[in-house]
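No value in this document is a laboratory result; all are computed from the given coordinates. Model, not experiment: these values are computed from the prediction. FYI the Cβ positions are ideal-geometry reconstructions off the backbone, even for glycines, and counts take in every protein chain you see.
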Amino acid sequence: MNITRRHFLQGTTAMLGLPWLESLGGFAHAANSAAEPRRLLLINVPLGLYQDALKPKQPGARYAASEYLAVLDDFRDRFTVISGLDHPGVGGGHAAEARIFTGVPSNKRNARSLDQYLASKIGQHTRFDTLPLSAGRNIFSWTESGTQVPAESKMANVYARLFLDESQATAQKVTQDIAHGKSIMDLAQRQAKSLKPQLSQADQDKLEEYFESVRETERRLVKSEGWVHTPKPKVNAPAPKDPASGAEIVTQLRNVCDMTHLAFQTDSTRIVTFGYFQQNNVKVEGVTNGYHPLSHHGQDPNNIAQLKLIEMELFKELKTLLTNLKNTKEGDATLLDRTTIVITSNLGNASNHSTKDLPVLVIGGRFEHGQHLAFEPSTVPLSNLYVSVLNQFGLADKKFGIATGPLKGLELA
């Protein structure tokens, strides 16, 4: 398969728009230039976060900062730490990873994740509907039909897609490939429909899932065609150098955070996801054991000390990202004002594979922050937070997954 065609069929969202232009009163390409752009960053840590270093001992606004939260103390009034949430019916330890942003119970077929659902509502404003990145891992994005959306781990490739224009010949080839792709979709759909009368109900259900996938692919192809000849934004930042080894987890994380900032700054996308993960050894000073083995620390003090060194790097890089977002003006606000960040994990206690009482940190956006919301474990679905996030984007949704409503206590400012 042609590399350019693969780019459009698997990653048509990997394209960018124009930056915020004050002199034009908004986005030159937006459907509604008067609308305030809002963004979402979803971060999952598949191996958990050591809760004693994250969760404050006191609820409310006057909590004493934990080890991890102390790193973000300059932003204390811009985030809320939440405890006690989980996804009812989602278990299986590491297997819960794929359902962290869907909330679909483990005994059901996975469905559309929060990022992909939101993209269906606001993705029309940017070249990239969403930008699934990987700082080691990302299997968190899923389509409505339960198909995983592939993520990119090479930030040099992402940089090229975002900021390097194709030659005229390449653009013409891309246009031809898109037209060819639409022809294939049309033919496949006609052939599949002709089979429908001969199929069992179960097979017809599968066929309907296929149709949904075809419709989504067609939509992305049409959207890509509209952006082929639109110049990409220019940035002063150089292309990132991808680390030679997966053990260089901090460099990978830094590159992903830098690309997230640039993508938001240029309004290339308004939705990004990534995960922080490495199976074995990592290049972090003071760490001699593998990341995954350390997550199963068994309460051993030496293992916990090394694990915290790895996890602390996440919060250090997160502070840099928050600083960059805060220092980037957009109209009469900053990127941090207009970006909601959700950090969580599919494991509440990685040492015993528990999927209860998940760590949750919500940063930025229009929420009233500066507190520790402590819920009785397993009484409130994590998906309630997702409803609140959707409402913060101006959507009227009352349900997502198995949510019972918006999250009480996390109010809009």
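The alpha-carbon positions of the range 59-127 define a convex hull whose volume is 176 Å³ per residue. Here the label points at S200 and R76, each 7 Å from Cα along the C-beta direction, are separated by 6.2 nm in the simple model.
Where the centroid of each part is defined by its Cα atoms, how far is the range 343-398 from the range 86-131 in Å? Cα centres, the range 343-398 to the range 86-131: 14 Å.
Using label points projected 7 Å from each Cα along Cα→Cβ, tell me how many nm separate K329 and L164, to one decimal. Here the answer is 3.3 nm between the modelled labels. Count Lys and Arg as plus one, Asp and Glu as minus one, and take only other residues whose Cβ is under 11 Å from that of Y386; the net charge is then -1. With a cut-off of 14 Å between beta carbons, the residues surrounding N324 carry a summed charge of +3, where Lys and Arg count +1 and Asp and Glu -1. Computed across the range 298-364, the Kirkwood radius stands at 14.1 Å (inverse of mean 1/r, all Cα pairs).
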